[in-house]
Amino acid sequence: MGRLKGQMMIITAVIVSVMMVSVSSSVAQLGDREYEYRDEAYISNMIRGEASEVDTRYMKERQNFQKMVHSIDTYTTEVEYWSAQNCFNVTLSNRRSDINLRCIS
């Protein structure tokens, strides 16, 4: 009787351990997804902030902005300057998402 009780306790402990591992991995995956969205918002806000500081009258400043955007290595980047509107169109792409910033300055 005591031996059966001990075996049941061990089986219960193993089942609880397996459940805890699966729950913790699910929570970790949710945390990763939330981080991705924050990462996109951070990059978007950073680019908008940098674009607002560019004096578009000067070619060198426009080129420096383009170099800064192209230095973001987690995305494929495209930067286009629209002289008529005096603003930039920026597109960032990777396998998870696309960020399109239209006419920012």
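The values are calculated or read from the model by the stated rules, or taken from the named source; none is laboratory data. All values derive from a computational prediction rather than experimental measurement. Because the Cβ atoms are built from the backbone with ideal geometry, glycine has one as well, and the counts that use them run over all protein chains shown. Please note that ligands, DNA and RNA were not included when accessible areas were found on the heavy atoms of the full protein model with its side chains. Shrake-Rupley method; radii C 1.70, N 1.55, O 1.52, S 1.80 Å.
Structural remarks
- Criterion violated by ARG96 - all others in (1) open to solvent by 70 Å² or more (accessible area, probe 1.4 Å); (2) at pLDDT 90 or above satisfied: (2)
- Considering residues of segment 81-105 that are under 20 Å from the mean Cα position of the chain (by Cα), part of a loop (DSSP other than H, G, I, E, B) and touching a residue at least 24 places away in the same chain (Cβ under 8 Å) only, the residue nearest to ALA41 (Cα to Cα): SER97
- Residues in segment 56-81 that are polar (S, T, N, Q) and under 16 Å from ILE104 (Cβ atoms): 4 in all.
- Qualifying residue in segment 51-61 (condition: part of a helix (DSSP H, G or I) and either of a type in the set (S, T, N, Q) or in contact with a strand residue (DSSP E or B) (Cβ under 9 Å, 6 or more places away or on another chain) (or both)): yes
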